[in-house]
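The values are calculated or read from the model by the stated rules, or taken from the named source; none is laboratory data. Note that the structure is predicted; figures quoted are calculated from it, not measured. A quick note on method: Cβ atoms are made from the backbone with ideal geometry, for glycine too, and the neighbour counts reach across all protein chains shown.
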Amino acid sequence: MAKTIENEKPSLGKIEIAPEVIEVIASIATTDIKGVSHMQSVFNKNSLEKFGKKNFGKGIKVDIKDEGIYINVYCTFDYGTKISETARKVQSEIKQALNTMTALTPKEVNVHIVNIHFQ
């Protein structure tokens, strides 16, 4: 299900953004954060389609519902990282990147720390 952006001005048509685009934007924003070691793969019903393709949205699951966009981030943090600060930074960076690039604001950005990476 794609997210449609409505424009109040007379328009030339509609703009639809696929969930995969939101996944890529969120993934790029997350991997640039100090303390995030890497993203964890998310297996869902669409994963079989992605075998053999490079998955740029790795570690991100996007749910688009009537009430808003819900983003779940699955990542591994480096040992010694302040988890609460880094998780808030992940939420903030994803929200900012998505708003800047698409003018969309997610309803929720949930960070799931699935592992700790030891140096």
Filtering region 94-119 down to residues that are crowded, with 16+ Cβ neighbours inside 10 Å and in a loop (DSSP other than H, G, I, E, B) yields L104, P106
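This table checks each residue for (1) at pLDDT 85 or above; (2) more than 21 Å from I116 (Cβ to Cβ); (3) basic (K, R); (4) surrounded by 18 or more Cβ atoms within 10 Å (Cβ to Cβ).
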| site | (1), (2), (3), (4) |
| --- | --- |
| M1 | no, yes, no, no |
| I5 | no, yes, no, no |
| I33 | yes, no, no, no |
| V36 | yes, no, no, yes |
| Q40 | no, no, no, no |
